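No lab work stands behind these numbers, since they all come straight from the coordinates. Only a predicted model underlies this, so the values are computations on that prediction, with no experimental measurement involved. No Cβ is skipped: glycine too gets one built from the backbone with ideal geometry, and neighbour counts run over all protein chains shown.
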Amino acid sequence: MFDLILLKLEESMKKDYPDFSLFITDEIEDKDFVRNTIVCEISEIILIDNKHYHVILNFYITKPKIQDDLGNFIVQSLDILRKIQNLDENMSFFSRKLSVEFGELRNNDVKDTFRVCRISGQFEITNPVKNILDRKNEYKPMLRLFTNKKEVK
């Protein structure tokens, strides 16, 4: 389900930030923090009143630290934040409030220092979950995508 929702973010990212790659994980690890990546961590799924489903997502943006580049990194991070907020379609995937934190991360293996931005929030996912549960079919991730009669890889 999340791969389909985040496909829109990935397409938007390829247009504006072609050097960034996006992937999804359920547990963040040291090896996930590499150059020019956005990692979406699914940290928790919450059921409220047996009717409403929410998921807590953390997006980690990493970029090599360059002297005097903090301003550009903040602007890029806020632009990516806007793209995450624009993922909502028909109130089926949205977050009323997202928090943003900035920091640095040192990678001892490659002797690099990264700027890191964490965007986190609780997203409403009731409609997509209900659609999957109502079908009562096993969820299968999208294997192939075609746009304009061409396969997207």
Neighbourhood charge, 9 Å Cβ-Cβ cut-off, centred on ASN36 and excluding it, Lys, Arg +1 and Asp, Glu -1: +1
As an exercise, use a Förster radius of 30 Å and the Cβ-Cβ distance of ASP32 and GLN67 to find the FRET efficiency, rounded to the nearest 0.05. 0.75
Longer than 32 Å from Cα to Cα, which of LYS31/LYS51; LYS14/LYS65; LYS51/LYS97; LYS15/LYS51 are they? Say none if no pair is. LYS31/LYS51; LYS15/LYS51
Lys and Arg at +1, Asp and Glu at -1: neighbours of PHE102 with Cβ under 13 Å from its Cβ sum to +1
Extended-chain gain in nm, criterion 0.36 nm per residue less alpha-carbon gap, ASP112 and PHE23: 29.9 nm
